[in-house]
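Heads up: the structure comes next, in structure tokens.
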Amino acid sequence: MLNVIASPRRREILRLVWHRELPAGAIAEAMPDVTFGAVSLHLRALADAGLVHIRADHRHRFYRANVDALGPVRELLEEMWDDALWKLKLAAELEQTRRGPRRHATRPHRRHRS
């Protein structure tokens, strides 16, 4: 279980579905720097570990955290999510694990004079 929640993206998914059930599409929309396929793989890992409940409704799947399965880790996660410093740490971890081109701060263009 600890290996599964070691991923900052999986912890973020757990946070999103901690108090409410969400479809995979809504989870993916809340994580715009991750592809839907990657979110799907993270959801599968969480489900395989028994950390999320899945409810099927026709073609859609809805996910909700299985907070009881987390045992003593549950309180630690809840405390982290309430901590402003943790939010900053999460943003840094997510940026570190981000794939693809990095966003750069906008810099003013300088013209070279000949």
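The values are calculated or read from the model by the stated rules, or taken from the named source; none is laboratory data. These numbers come from a predicted model, not from an experiment. With ideal geometry, Cβ positions are generated from the backbone for all residues, glycine too; neighbour counts draw on all protein chains shown.
Got a sec? Which of His53, His19, His112 is part of a loop (DSSP other than H, G, I, E, B), out of contact with any helix residue (DSSP H, G or I) (no Cβ under 7 Å at 6 or more places or on another chain) and at pLDDT 80 or above? Being part of a loop (DSSP other than H, G, I, E, B), out of contact with any helix residue (DSSP H, G or I) (no Cβ under 7 Å at 6 or more places or on another chain) and at pLDDT 80 or above holds for just one of His53, His19, His112, which is His19.
So in the stretch 10-32, with the set limited to residues that are among the small types (Gly, Ala, Ser) and over 23 Å from Glu78 (Cβ atoms), which one is surrounded by the fewest Cβ atoms within 10 Å (Cβ to Cβ)?
Taking the stretch 10-32 as the starting set, the residues that turn out to be among the small types (Gly, Ala, Ser) are 24-26, 28, 30.
Within this subset, residues satisfying the condition of being over 23 Å from Glu78 (Cβ atoms) are 24-25, 28.
Values: Ala24: 17, Gly25: 12, Ala28: 20.
Within the stretch 10-32, the match that is surrounded by the fewest Cβ atoms within 10 Å (Cβ to Cβ) is Gly25.
What number of residues in the stretch 33-46 are crowded, with 16+ Cβ neighbours inside 10 Å and either closer than 18 Å to Arg20 by Cα or modelled with pLDDT of 90 or more (or both)?
From the stretch 33-46, those crowded, with 16+ Cβ neighbours inside 10 Å are 34, 39, 42-43, 45-46; that's our starting set.
Those still in the list that are either closer than 18 Å to Arg20 by Cα or modelled with pLDDT of 90 or more (or both) too: 39, 42-43, 45-46.
So the count comes out to 5.
Here Leu41 meets each of (1) free of Cβ contacts under 8 Å to residues at least 60 places away in the same chain; (2) outside any helix (DSSP H, G or I) with one exception, condition (2). Within the stretch 32-55, being under 15 Å from Asn3 (Cα atoms) and of a type in the set (D, E, K, R) holds for Arg44, Asp48. Can you tell me which residue in the stretch 56-81 is farthest from Val4 (Cα to Cα), limited to those that are in a strand (DSSP E or B) and of a type outside the set (Ser, Thr, Tyr)? Top of the filtered list is Asp57.
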